[in-house]
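This report concerns only the one structure given below.
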Amino acid sequence: MSSEYDTTETLDVKGQSCPMPIVKTKQAIDGLEAGDVLEVVATDSGSMSDIQGWAAGTDGVELLEQVEGDDLYTHYVKKTA
Amino acid sequence: MSTDNPTTTAEDGKAEPESEPEFDPAELQALRERVDELEASVADSDGADDQKRMTIIATQGSFDMAYPPLILASTAAAFGWDVVVFHTFWGLDILHEEKSKNLKLSAVGNPNMPVPNAVAALPGMDRMATRMMQKKIDENGTATIEELIELSLETGVDLQACQMTIELMDYDEDDFYDGVTTGVGAATALQHMVDADIQLLV
């Protein structure tokens, strides 16, 4: 269940709902370097689908993994370019 | 195109053997160069069209109707899209710094309201409905209108205020959030819409 990525930064969007997890993820990714991994911790169940859609439609990012815990949704997004 | 294949005619009954090409090497070279040139220009225009564009026309200024354009716009900006939201008529109140904080929900005409229209029409019902909705929004962790506007502007969304409506409503350009584009009209909106992948009227 726990994921072992060399996480560069953790973004806490717990308690926030659409569109905040996506918009904040994008902003955090913009501040990272290529190769960095961002961990996004959310409580919004919609973030599972939204982060997938965002990562698929956005250049330079790769969704490594999504972990669903107890009311907690953790996403690992890598900046590839 | 249709001349590529030798045709079979009724008279000779079989295809003519391929005749020797009679191209002048210089002409052939010129054609090849032209093809390269065209291919390059197609590749170029593909690159230019790579960025998706979305235009939203926001015409409604009630509390609930202010959300969809702002949520879509800020999300599209997170995708790296070029986004314009053109605010006209009541939609202009969303960009009005003071009015945006006091947008009201209409209790009348909304069949999903827990009260019948006859009751919803009583004085103070809109305020009550708005307060209930605001409480829900707080509890749900949904962003406020103000937060979404700031976020949209921060992420590069072009929030435009229709100049004609500004004058119609007797608003001043200083009434709007910093970063809002004023001095624009229908032609500006259309110009963005014509090349947009998504156009929405809200």
Review point. Given the conditions (1) more than 27 Å from B:Leu70 (Cα to Cα); (2) among the β-branched types (Val, Ile, Thr); (3) part of a helix (DSSP H, G or I), and given that A:Val67 satisfies all but one, which numbered condition is not satisfied?
Key: (3)
Check your understanding: Within the range B:149-162, can one find any residue that is loosely packed, with under 14 Cβ neighbours inside 10 Å, in a helix (DSSP H, G or I) and over 24 Å from the mean Cα position of the chain (by Cα)?
Key -> no
Study note, to complete from the structure: Residues of the range B:83-97 being closer than 13 Å to B:Thr55 by Cβ and either within 14 Å of another protein chain (Cβ to nearest Cβ) or among the hydrophobic types (A, V, I, L, M, F, W, C) (or both), in sequence order, are B:Val83, B:Val84, B:Val85, B:Phe86
Revision key, fill the gap. Considering the range B:168-179, residues that are within 24 Å of B:Ala77 (Cα to Cα) and either crowded, with 17+ Cβ neighbours inside 10 Å or in contact with a Pro (Cβ under 8 Å, 6 or more places away or on another chain) (or both), and then whichever is farthest from the other protein chains (Cβ to nearest Cβ), we arrive at B:Phe176
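Among the candidates B:Thr165, B:Thr130, B:Thr188, B:Thr182, single out the residue that is crowded, with 16+ Cβ neighbours inside 10 Å and without any contact (Cβ under 8 Å) to a residue 40 or more places away in the chain. Don't jump to the end; show me each part of the working.
Working: B:Thr165 fails: without any contact (Cβ under 8 Å) to a residue 40 or more places away in the chain; B:Thr130 fails: without any contact (Cβ under 8 Å) to a residue 40 or more places away in the chain; B:Thr188 fails: without any contact (Cβ under 8 Å) to a residue 40 or more places away in the chain.
Matching residue, one of B:Thr165, B:Thr130, B:Thr188, B:Thr182: B:Thr182.
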**Study point:** Whichever residue in the range A:27-64 is in a strand (DSSP E or B) and within 11 Å of chain B (Cβ to nearest Cβ) and, among such residues, is surrounded by the most Cβ atoms within 10 Å (Cβ to Cβ)
**Key:** A:Ala42
Check your understanding: Under 7 Å by Cβ, and 6 or more places apart or on different chains, what pairs join a residue from the range A:5-19 that is within 14 Å of chain B (Cβ to nearest Cβ) with one that is modelled with pLDDT under 90?
Key -> A:Gly15/B:Gly141; A:Gln16/B:Gly141; A:Ser17/B:Asn140; A:Ser17/B:Gly141
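Scan the range B:49-65 and give yes if some residue there is touching a Leu at 6+ places or on another chain (Cβ under 8 Å), part of a helix (DSSP H, G or I) and either at pLDDT below 95 or closer than 30 Å to B:Ile149 by Cβ (or both), otherwise no.
Kept after step one, since they are touching a Leu at 6+ places or on another chain (Cβ under 8 Å), are these residues of the range B:49-65: B:54-57, B:59, B:61-64.
Restricting the remaining residues to those that are part of a helix (DSSP H, G or I) gives B:63-64.
Then keep just the ones that are either at pLDDT below 95 or closer than 30 Å to B:Ile149 by Cβ (or both); that gives B:63-64.
Yes, the range B:49-65 contains a residue that is touching a Leu at 6+ places or on another chain (Cβ under 8 Å), part of a helix (DSSP H, G or I) and either at pLDDT below 95 or closer than 30 Å to B:Ile149 by Cβ (or both).
The values are calculated or read from the model by the stated rules, or taken from the named source; none is laboratory data. The shown structure was predicted, so the numbers you read here are calculated from the model rather than taken from an experiment. Note that each Cβ is placed from the backbone with ideal geometry, even for glycine, and that neighbours are counted across all protein chains shown.
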